[in-house]
Amino acid sequence: MARGNCNNHPPSVFFPSDGVGVEAAKKICASCPVKDPCLAHALEMRIDHGVWGGASERQRRRMLKARRLAARAHHPAEETQVDIEVFGVRS
Ligand code: SF4
């Protein structure tokens, strides 16, 4: 975060309340030098709120769902275990 473009903006910019705000935050992220690790961190930590790594909350939910489905297709037994550990229930 210390090297991110968000250092030059108030944190509230990255926790917008509408789509216009989301697009404004994503624009700042677009040229961020740590965009990829920022997104990876948000996905790994299952951060629900805000724009991280240029991705909105909805986009990250979709990414996580796509990853789960892909992992399940390749390793059905392992993914089932991950679902139980991470989410507490099988999805
Ligand atoms: S990609 Fe991450 S570190 Fe960079 S500006 Fe966006 S929220 Fe900040």
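The values are calculated or read from the model by the stated rules, or taken from the named source; none is laboratory data. A quick note: this is a predicted structure, and the numbers were derived from the prediction, not measured. Glycine also receives a Cβ, built like all others from the backbone with ideal geometry; neighbour counts cover every protein chain displayed.
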Please indicate, with yes or no, whether at least one residue in region 10-31 is near the ligand (Cβ under 8 Å from one of its atoms), modelled with pLDDT of 95 or more, surrounded by 11 or more Cβ atoms within 10 Å (Cβ to Cβ) and part of a loop (DSSP other than H, G, I, E, B).
-> no
Which residue pairs have Cβ atoms under 9 Å apart, sit 6 or more places apart or on different chains, and have a first residue in region 20-42 that is under 19 Å from LEU64 (Cα atoms) and a second that is part of a helix (DSSP H, G or I) and within 7 Å of the ligand (Cβ to nearest atom)?
-> LYS35/ASN5; LYS35/CYS29; CYS38/CYS6; CYS38/CYS29; LEU39/CYS29
Return yes when ALA66 is modelled with pLDDT of 90 or more, in a helix (DSSP H, G or I), over 23 Å from HIS9 (Cα atoms) and over 17 Å from the mean Cα position of the chain (by Cα) and no when it is not.
-> no
Does ARG60 count as modelled with pLDDT of 90 or more, part of a helix (DSSP H, G or I) and surrounded by 11 or more Cβ atoms within 10 Å (Cβ to Cβ)?
-> yes
Across region 44-56, what is the number of residues that are farther than 15 Å from LYS27 by Cα and either more than 13 Å from the ligand (Cβ to nearest atom) or in contact (Cβ under 8 Å) with a residue 24 or more places away in the chain (or both)?
-> 4
Given the conditions (1) in contact (Cβ under 8 Å) with a residue 40 or more places away in the chain; (2) part of a helix (DSSP H, G or I), every one holds for ALA73 apart from (1)
Considering residues of region 32-47 that are surrounded by fewer than 16 Cβ atoms within 10 Å (Cβ to Cβ) and charged (D, E, K, R) only, the residue farthest from ARG62 (Cα to Cα) | ASP36
